[in-house]
Every structure is written in structure tokens, then in C-alpha cells.
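Readers should treat all values here as calculations from the given coordinates under stated rules, not as data from a laboratory. Since we're looking at a predicted model, the values are computed, not measured. Using ideal geometry, Cβ is built from the backbone for each residue, glycine included, and neighbour counts are taken over all protein chains shown.
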Amino acid sequence: MSDAETLKVYAAKAQDYASMVTDKAAKNPQLAAFIAALPEGGHVLDLGCGPGNSAAEMARAGLQVTAFDPVPEMVALAGQYPGVRARLAGFDDVTGHDLYDGIWANFSLLHAPRADMPRHLDAIAAALKPGGRFHIGMKTGRGAQRDPIGRLYTYYTDAELTGLLEDVGLTVTERTTGREKGLDGVEADWICLAAHG
């Protein structure tokens, strides 16, 4: 994520965001399914980890957790959890091959410009071990725009997102949709896809 305004919003609201999502990870059925699908002690990447609540759940489940976020304030929060190796890093820092049993990108890649998404997904597919699991959560819709607090969003339809994953060799095996209020206080439709290499 390179949008300076989006990064500034998350830096300024890191504690508010952490408070909003504190209990969500423990009750997230997609996260529970992600963890259950991975080998015991597997290595996972939480890409765009935010305050680290999902990464903390993964670590509690016995997984080796690396967590990337481009906002120093978020990295500081995530790094407080036992077993979470939090790094100041963004989407372009996903490099290497066959590194992770799972990659969790829960409502983070929605801040990537549309033109960059194929490149990011290609790097993610390469970094997954054969048969590795990928989770992506996105807001659904069309186009791109800033939300009321200044964050830049790129929206996708289910078909678009599924097609992008298939283009990099990932097969979608599960999909969940819903509607929820975000940090900006606005209700928005979302989709979560689980895919395998």
C-alpha cells in the first residue's frame, strides 16, 4: 500500500482500530477455518496485519506467525502479542517461493491500486507452499474511491476477484459474504474467499 493518506489515517487511528477489532478475531469463522486447514506449527503470513488481533489468534493456535504492516503504529501493536513476529513491510515485500503454509490478507489488499493487484497476487501465489491456503477479504463493488475518513479503497465483484485468483493459479474453495460497519462508521458489503495453490 503506497497511498500516503490511507497510511496517515491508520497511523492516527491505530488505537481506535485496535479497540474496534479486539474481540473479532476470536469469533471469526473464516479465521477459524483458515487455522484448522493448516498443518500443526505451520508458517503463516498475516499481510496487512493491522493491530495484530488475527495474528495473535494464529500464534495462540501454535502457528509460526510473520505479520506485515506498513504503519509503524500497527506494527508496534501487533508486536506486543506473544509469538507474533511483526515487521514494517507492505505488499511489495512479499517475495520468495514456497515459504508459507498460509497467507491471510483480511481487508488489506483492498487498499492496493487496481493496476497492482495482479502483481501482488502473483507474489502471494509464489510465496505459498504447494497446496498452501490463501484468505482474502475485500469490500465488494466497482471502481475506487476514498471513504469518509480518507482511506483509498479499490472494490471488486466476486467474479473479478475469483478471476484474478485463478489467473495466478489459485483455486477458490470457499466464499463468504456479509455486510458490516467499518472504522468509518459506514455499512459496506464484503466478500471473503479461501483459495489453495
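Key figures
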| item | result |
| --- | --- |
| Max mean-square fluctuation residue, GNM over the chain, Cα-Cα springs under 10 Å, options Gly141, Gly52, Gly132 | Gly141 |
| Cβ-based charge dipole, the chain, positive-most Cα from Val94, Ala4, Gly83 | Gly83 |
| ³J(HN,Hα) computed for each position of the stretch 3-16 - Karplus, 6.51 cos²θ - 1.76 cosθ + 1.60, integer Hz, glycine/proline x | 6, 4, 5, 4, 4, 5, 4, 5, 5, 6, 10, 4, 5, 4 |
| Amide hydrogen neighbours beyond the local backbone of Ala86, cut-off 5 Å, H modeled | Ala67 |
| Length added when fully stretched, Ala126-Lys181, from 0.36 nm per residue minus Cα-Cα | 16.5 nm |
| Whole-Hz couplings from phi, Karplus 6.51/-1.76/1.60, listed for the stretch 46-63; x for Gly and Pro | 9, 8, x, 6, x, x, x, 5, 6, 4, 5, 4, 5, 5, 4, 7, x, 7 |
| Between the stretch 172-197 and the stretch 115-170, the Cα center-to-center distance that results, in Å | 12 |
| Nearest-0.05 FRET efficiency for Asp189 and Ser19, computed from C-beta distance (R0 30 Å) | 0.80 |
| Cα-centred dipole magnitude for the stretch 63-197, charges only on beta-carbon of K, R (+1) and D, E (-1), debye, nearest 20 | 140 |
| Sparse-neighbourhood loop sites, trypsin sites (Lys or Arg not before Pro) in the stretch 93-189 - DSSP loop, at most 10 other Cβ within 10 angstrom | Arg142 |
| Cα-based shape type of the chain, given that a ≥ b ≥ c are square roots of the gyration tensor eigenvalues and the cut on a/c is 1.5 | rounded |
| Rounded to whole Hz, the Karplus (6.51, -1.76, 1.60) HN-Hα couplings of the stretch 171-177, x for glycine and proline | 10, 6, 10, 9, 9, 9, 10 |
